[in-house]
Amino acid sequence: MVLDNLGSSLRGTLETLQGKTRLSEEDVEAVVREIQRSLLQADVDVSLVMELSDSIKTRALKEEPPGGTSARDHVLKIVYEEMVAIVGESTEIPLEPQTILLAGLQGSGKTTSAAKMAWWFSKKGLRPAVIQTDTFRPGAYDQAKQMCERAEVEFYGDPDESDPVTIAREGLEATEDADVHIVDTAGRHGLEDELIAEIEEIEGLVSPDLSLLVFDAAIGQGAKEQARQFEEAIGIDGVMITKLDGTAKGGGALTAVNETDSSIAFLGTGETVQDIERFEPNGFISRLLGMGDLKQLSERVERAMSETQAEDEDWDPEDIMKGSFTLKDMQKQMEAMNKMGPLDQIMDMIPGLGGGLMDQLPDDAMDVTQNRMRSFEIIMDSMTEGEMENPRGVGASQVRRISRGSGQDEETVRELLEQHKMMEQTLKQFQGMGDGDMQRMMKKMEQQGGGGGGMGGFGPF
Ligand SMILES: Nc1nc2c(ncn2[C@@H]2O[C@H](COP(=O)(O)OP(=O)(O)OP(=O)(O)O)[C@@H](O)[C@H]2O)c(=O)[nH]1
Ligand SMILES: [Mg+2]
């Protein structure tokens, strides 16, 4: 999908740097030319391409690769950092009551995205409602209503009312029990004054916490002007890029984000209400440039992500001992393990397990290296609540979606599912352990864990 060409052509150019430790001016020129060519082909705005390639060039020539780093890795790191600087972190979407206003040109995907977002919020345990203020397009009411039915979320619209502002006001009142109000608006062919005036008025009335620009990935060079006008009219906090499942080149996304000085909130990847992904900058750019090389770099970002991840109050480690072991449990285990140290050391602490039983377990069950754990963490962030609860039900198409959303290979997603299965089986063996053994084990682990309070009910790993 997006900018796919950049990934492959850039990798090709970088291969020619293989083995070099210093970069000549020509080397840098060649890389920068390749980047320019790919970005322009992908419809990224010309001035943005120039800006980006200038900063890459300057840095690549000026900065010394740190000791032991190849020239190739050094350039890749700079390209990665400069691109991440443009797309930025994903738009912060707090999981709390809020009003979201959607703006965008006709057919950009606003109505579809409204239902998708509502579905997304409902999966996060919030109660969303979609308010359809589009009185311009015939059928807008029915379309939104149907999509909301499919998403199983509340909907408000009034096919007999012709004033969008009235609908917005009445809609907010009628759905006041909902936590998250998503206000859909009408689109027009171009940026007519009428559209801008209307959305300004709606914006004034609903005073949204978040104004999102919905943006067709195919827009290309038109992106800049469009983004600028919406930014001036209502102030854009984030962008939802739609139709990334299609043939779109997607470069307009970079332009829009840069132009509105905002960030990407969501990606739309299909026509059904579930086809929505939270934007993940690290995965997005890594995917663009060829993931493998960037693991090291992205670790830092990932760590920051998991640290800010809210603690899940519902999770009860005791449940594991009662038999069910979901991916959610595994996620929590991994978080805790990160704080505790390598798995095999923990296993050694468990009385009676040091030798015998350990040797009977498949080697792979212990092979949860730090790197794989990090990949797994990103993957799990891209999974739905339902998939986390029932990983055995995850089929091929879901694997594909999760892989796309997380920027990890499908292979790694399948490995995660395998790993979960193995841990689940391993756990079954532990469940036969006597209570006394278990208590001793817990005590020992608490001591080792440096008195970490949350470790009290920590499971068997
Ligand atoms: N393949 C694909 N199609 C999408 C996506 N998002 C929206 N669409 C399709 O794009 C078309 C337009 O989507 P709408 O949601 O009606 O767009 P809109 O911005 O509300 O359009 P107006 O209300 O007329 O301005 C529909 O056929 C959608 O099914 C997406 O992420 N992928
Ligand atoms: Mg619409």
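The values are calculated or read from the model by the stated rules, or taken from the named source; none is laboratory data. From a predicted model like this one, the values you see are computed outputs, not experimental measurements. Glycine also receives a Cβ, built like all others from the backbone with ideal geometry; neighbour counts cover every protein chain displayed. All accessible areas refer to the heavy atoms of the entire protein, side chains included, with ligands and DNA or RNA removed. Shrake-Rupley method; radii C 1.70, N 1.55, O 1.52, S 1.80 Å.
Being touching a residue at least 40 places away in the same chain (Cβ under 8 Å) and not in a loop (DSSP other than H, G, I, E, B) is the filter here; which residues of region 16-39 pass it?
From region 16-39, those touching a residue at least 40 places away in the same chain (Cβ under 8 Å) are 17-23, 27-28, 31, 35, 39; that's our starting set.
Within region 16-39, Asp27, Val28, Val31, Ile35, Leu39 qualify.
Considering every residue within region 244-252, establish whether at least one is within 16 Å of ligand 2 (Cβ to nearest atom) and in the same structural domain as Ser122 (by TED's automatic domain parsing).
Keep residues of region 244-252 that are within 16 Å of ligand 2 (Cβ to nearest atom), which gives none.
No; the residues of region 244-252 include none that is within 16 Å of ligand 2 (Cβ to nearest atom) and in the same structural domain as Ser122 (by TED's automatic domain parsing).
Working carefully through the options Arg137, Arg150, Arg59, find the one that is over 30 Å from Gly204 (Cβ atoms) and touching a residue at least 40 places away in the same chain (Cβ under 8 Å). Steps first, please.
Numbers: Arg137 fails: over 30 Å from Gly204 (Cβ atoms); Arg59 fails: touching a residue at least 40 places away in the same chain (Cβ under 8 Å).
Exactly one residue qualifies, and that residue is Arg150.
Provide a single number: the residues in region 181-210 that are more than 19 Å from Tyr141 (Cα to Cα), assigned to a loop (DSSP other than H, G, I, E, B) and either without any contact (Cβ under 8 Å) to a residue 24 or more places away in the chain or open to solvent by less than 10 Å² (accessible area, probe 1.4 Å) (or both).
Qualifying residue count for the region: 1.
Going by what's in this entry, would Ala151 be described as over 19 Å from the mean Cα position of the chain (by Cα), small (Gly, Ala, Ser) and within 30 Å of Met50 (Cβ to Cβ)?
Values: over 19 Å from the mean Cα position of the chain (by Cα): yes; small (Gly, Ala, Ser): yes; within 30 Å of Met50 (Cβ to Cβ): no.
It is false that Ala151 is over 19 Å from the mean Cα position of the chain (by Cα), small (Gly, Ala, Ser) and within 30 Å of Met50 (Cβ to Cβ).
Limited to region 171-180, what total is found for residues that are surrounded by fewer than 15 Cβ atoms within 10 Å (Cβ to Cβ) and over 30 Å from the mean Cα position of the chain (by Cα)? Working first, answer last.
Going through region 171-180, the residues surrounded by fewer than 15 Cβ atoms within 10 Å (Cβ to Cβ) turn out to be 173, 176-177.
Imposing the further condition that a residue be over 30 Å from the mean Cα position of the chain (by Cα) reduces the set to 173.
Looking only at that region, the number is 1.
Among the residues of region 109-129, which ones are open to solvent by less than 20 Å² (accessible area, probe 1.4 Å) and either away from ligand 2 (no atom under 11 Å from the Cβ) or without any contact (Cβ under 8 Å) to a residue 40 or more places away in the chain (or both)?
Lys116, Met117, Ala118, Phe121, Pro128, Ala129
From the residues in region 130-165 that are hydroxyl-bearing (Ser, Thr, Tyr) and touching a Ser or Thr at 6+ places or on another chain (Cβ under 6 Å), which one is surrounded by the most Cβ atoms within 10 Å (Cβ to Cβ)?
The qualifying residue surrounded by the most Cβ atoms within 10 Å (Cβ to Cβ) is Thr133.
Can you tell me which of Ile167, Ile78, Ile86, Ile100 is within 16 Å of ligand 2 (Cβ to nearest atom), of a type in the set (Val, Ile, Thr) and touching a helix residue (DSSP H, G or I) at 6+ places or on another chain (Cβ under 8 Å)? Explain how you work it out, then say what you get.
On the way: Ile167 fails: touching a helix residue (DSSP H, G or I) at 6+ places or on another chain (Cβ under 8 Å); Ile78 fails: within 16 Å of ligand 2 (Cβ to nearest atom); Ile86 fails: within 16 Å of ligand 2 (Cβ to nearest atom).
None of the others qualify; the one that does is Ile100.
Quick check on Ile199: is it within 12 Å of ligand 1 (Cβ to nearest atom), among the hydrophobic types (A, V, I, L, M, F, W, C) and over 24 Å from Ser47 (Cβ atoms)?
Numbers: within 12 Å of ligand 1 (Cβ to nearest atom): yes; among the hydrophobic types (A, V, I, L, M, F, W, C): yes; over 24 Å from Ser47 (Cβ atoms): yes.
Criteria met by Ile199.
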